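What follows is a set of notes on a single structure, which appears directly below.
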Amino acid sequence: MLDPGKDFKVKKSGRDLYRSFVLLFNPKEDVCISATEVLPGAKEIVHHVGIYLDTEGVSPKLDDQTPGLGFPTGTSFVYDKILDLWTPGGTPTFMAQVTGLNIPAGAKNYEVTAKQRIRRDIHIVSVWPHMHKLGQEMKVWETLPDKTTQPIIWVQDYDFNWQQVYVLKEPLALPRGSSISLVAYYDNSEDNPKNPYRNPRTIRFGQRANDEMCYFYYYHTVDAEHLTQGQEVDN
């Protein structure tokens, strides 16, 4: 468990306060993060918590230069990796079975796969596949508890400049015990006109446009919540 070591006190009233806190984590060897959980001391006043990695070691310096615990969010410092986003009511996040993104220079059809287990009954209402400039194709499907499969989306000619959220005609049911699987392909060769580097180099995960991502966002409802109890509500 990572802990800032002391409390950060806020006033009883006032404007929203955006603050970044540094949690030092320096393992002696490479580790894989399989899950994250946020435990705010006073969650009733917390709007959200973003969990990021700072591989350049900039945030501790900003923390040292700022009085008190942490430093103001919104500085020129840009985090290069995001792990999770917590909001009130959030539960532990279990990572998909894929670790990192490391596309070798010259790889023409580099494959990335991921799989996530569904831990409660849900319905997917819309989806957003997201890659950067090397992304070529992404295919996503569901596997039900009885092992039957059903496609969710297949983008066969991905274009970073033509992205969108796809709204399903009908919500897609995924009962507990189902899984979502993904396969994506990247072209990091000199034959790819969208490659940001004339001389291809190893591309890793990151926030910048010339880095890469392999995200599949799915917007869903949780069956057990019965948000409107089946009653129509006014907008």
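The strands (runs of 3 or more DSSP E) found wholly in region 72-136 and carrying at least 1 residues that are more than 15 Å from the chain's Cα centre (by Cα) and modelled with pLDDT under 95 occupy 110-117, 122-130. Restricting attention to region 46-72, which residues are farther than 20 Å from Ile82 by Cβ and surrounded by 12 or more Cβ atoms within 10 Å (Cβ to Cβ)? Result: Lys61, Thr66, Leu69. With respect to Ile153, determine if the residue is part of a strand (DSSP E or B) and under 26 Å from Glu37 (Cβ atoms). Judged against the criteria, Ile153 is not a match.
Look at Gln164 and say whether it is part of a loop (DSSP other than H, G, I, E, B), under 22 Å from the mean Cα position of the chain (by Cα), free of Cβ contacts under 8 Å to residues at least 60 places away in the same chain and within 19 Å of Gly135 (Cα to Cα). Considered against the rule, which asks whether it is part of a loop (DSSP other than H, G, I, E, B), under 22 Å from the mean Cα position of the chain (by Cα), free of Cβ contacts under 8 Å to residues at least 60 places away in the same chain and within 19 Å of Gly135 (Cα to Cα), Gln164 comes out as yes.
The values are calculated or read from the model by the stated rules, or taken from the named source; none is laboratory data. Just so you know, these numbers come straight off a predicted model, no measurement behind them. Please note: Cβ atoms are built from the backbone with ideal geometry, for glycine as well, and neighbour counts cover all protein chains shown.
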